[in-house]
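Engineer: Have a look at this one.
Computed from the coordinates by the stated procedures, all read-outs in this text should not be read as laboratory data. Everything numeric here is computed off the predicted structure, so don't read it as measured data. Every residue, glycine among them, receives a Cβ derived from its backbone with ideal geometry; neighbour counts consider all protein chains shown.
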Amino acid sequence: MTHSSTASPLLYRPTLNGLRAIAVWLVVLGHWTRLPFPVGEMGRITFFVLSGYLISGIVWKQQVHPGAPAGWGRRLRTFYVRRVLRILPPYYLALALGAALPLATLHEYPGWFVLPFSNLLFYRLQHWGEGVGHYWTMAVDEQFYLVWPLLLGLLGRRVGAFVAVAVAGLLFRLVWSAWFTSGFVLVLLPACLDMFATGALLRITEHHPRVQALARGQWVLLAWAIWVGIWGLTHLIGPENQAVWLLTYTSLGSVAGFLTLAWVLRAPDAESTPRTGFLLHPALQWVGRRSYGCYLYHLLLPVFFQRAVFRLFPATLANGPALRDFWLGPLPTVLVLTPLLLALAAASWAWLEAPLERWKNRFDYAKA
């Protein structure tokens, strides 16, 4: 059944920049500090739900899906051109810097990274590459861009259809893990469908009264608290239950991501504006615009830092191992690498991403 409300026009939402800033630094800090609690997964799930919301909105508004009015194929090409200009040049520059570092995985398997298949490489190897493990999410995103317009043309704007897609993502993880292996199943595109579908569901239903009623901070906190609680419970009970958590946590997190985005996107009023206004802080806005650069380089820097520390404090030096352990600890790592990462992200934005954004905007969608 098609939902009665239609998607609203896509508007610039500055609060989303604030949310991007928080989400990307959850990922960064999760990787840099290796906390026992998966804070980075909260950021990743939020990003995937946000991608489902934004890309579905673009596809529907610009009518770039099969079955749209005449000229949809030409508009679809425009969609892909705009995505390529936004995503690939900064990514390829990061790959070039990683190859120069050098990173062994990039030298051994360059084709898997040049083409958007690094997620399949990690699944095949069953381990992460040094400094490049995070690129699997970019490969999944690029594969998502390729198939999502076609899937939206098939499904239309039916709530039930996207609920079915979300359930299919969970079922894929369960079945694939039972028949093949649970190792690295989460890096495969079908295993991420629940997050993308949840974003599309929000795009369809964001103005529904029930969704608006749930788009409040207390429900967001409750949803993430339940997510955290289930994680803690499965880890306390025993390792045999951790596999169940790994297979279900993205579906549970998608619900929390749905409510988080609904809360952030909620039409401002006297009650809600003060509660989301912190997302408009200039620091969060600045980081949010440069979140892509933060993500691209955040795992390259620890490799560089580790090699520098080992060179500065060789084992032959008195207290060398102790000094290494100190400088490679979580707090010194964050304090040293944060300004470096922000500087790299700022340079990427100023010299590459912002000019590409202006160039991308020259490619207008043809009118239906």
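Engineer: By how many degrees, between 0 and 90 and to the nearest 10, does the Cα long axis of helix 159-179 differ from the longest principal axis of the chain?
Structural biologist: It is inclined by approximately 40 degrees.
Engineer: In addition: With a 10 Å radius around each residue's Cβ, average the other Cβ atoms per peptide and rank 249-256, 46-53, 70-77, highest first.
Structural biologist: Descending mean neighbour count gives 46-53, 249-256, 70-77.
Engineer: Work out from phi, with θ = phi - 60° and the Karplus expression 6.51 cos²θ - 1.76 cosθ + 1.60, the ³J(HN,Hα) of each residue of the stretch 295-312, listed in order in whole Hz, and give x for Gly and Pro.
Structural biologist: Per residue, the Karplus-derived 3J(HN,Hα) values read 5, 4, 9, 5, 9, 6, 5, x, 5, 4, 5, 4, 5, 5, 5, 5, 6, 6 Hz.
Engineer: So what's the angle, to the nearest 10 degrees on a 0 to 90 scale, between helix 135-155 and the longest Cα principal axis of the chain?
Structural biologist: Rounded to the nearest ten degrees, it is 10.
Engineer: Taking the 0 to 90 degree range and rounding to the nearest ten, how far is the long axis of helix 193-205 tilted relative to the main principal axis of the chain, both from C-alpha atoms?
Structural biologist: The two axes meet at around 40 degrees.
Engineer: Given (1) 159; (2) 217; (3) 126, which label gives volume of the Cα convex hull per residue in Å³ as computed from the coordinates?
Structural biologist: Calculated volume of the Cα convex hull per residue in Å³: the matching label is (1).
Engineer: For the chain, what is the calculated [θ] at 222 nm in deg cm²/dmol (nearest 500), taking -39500 (n - 2.57) for each run of four or more DSSP H residues and dividing by its residue count?
Structural biologist: -23000 deg cm²/dmol
Engineer: Under the definition of Cα pairs under 8 Å and six or more residues apart, what whole-number percent is the relative contact order of the chain?
Structural biologist: 29
Engineer: Next question. Looking only at the stretch 91-107, which residues have a backbone nitrogen under 13 Å from a spot 7 Å from the Cα of Ala315 in the C-beta direction?
Structural biologist: Those under the cut-off are none; the list is empty.
Engineer: Which one of Ile226, Ala347, Gly156 has its Cα pushed farthest toward the positive end of the charge dipole of the chain, where Lys and Arg give +1 and Asp and Glu give -1 at the Cβ?
Structural biologist: Of the options given, the answer is Gly156.
Engineer: DSSP loop chymotrypsin sites (Phe, Trp or Tyr not before Pro) in the stretch 144-235 with at most 10 other Cβ atoms within 10 Å of their Cβ, which ones?
Structural biologist: Answer in residue order: Phe180.
Engineer: What is the distance, in nm, between label points placed 7 Å from the Cα along the Cα-to-Cβ direction at Leu246 and at Ala354?
Structural biologist: 4.3
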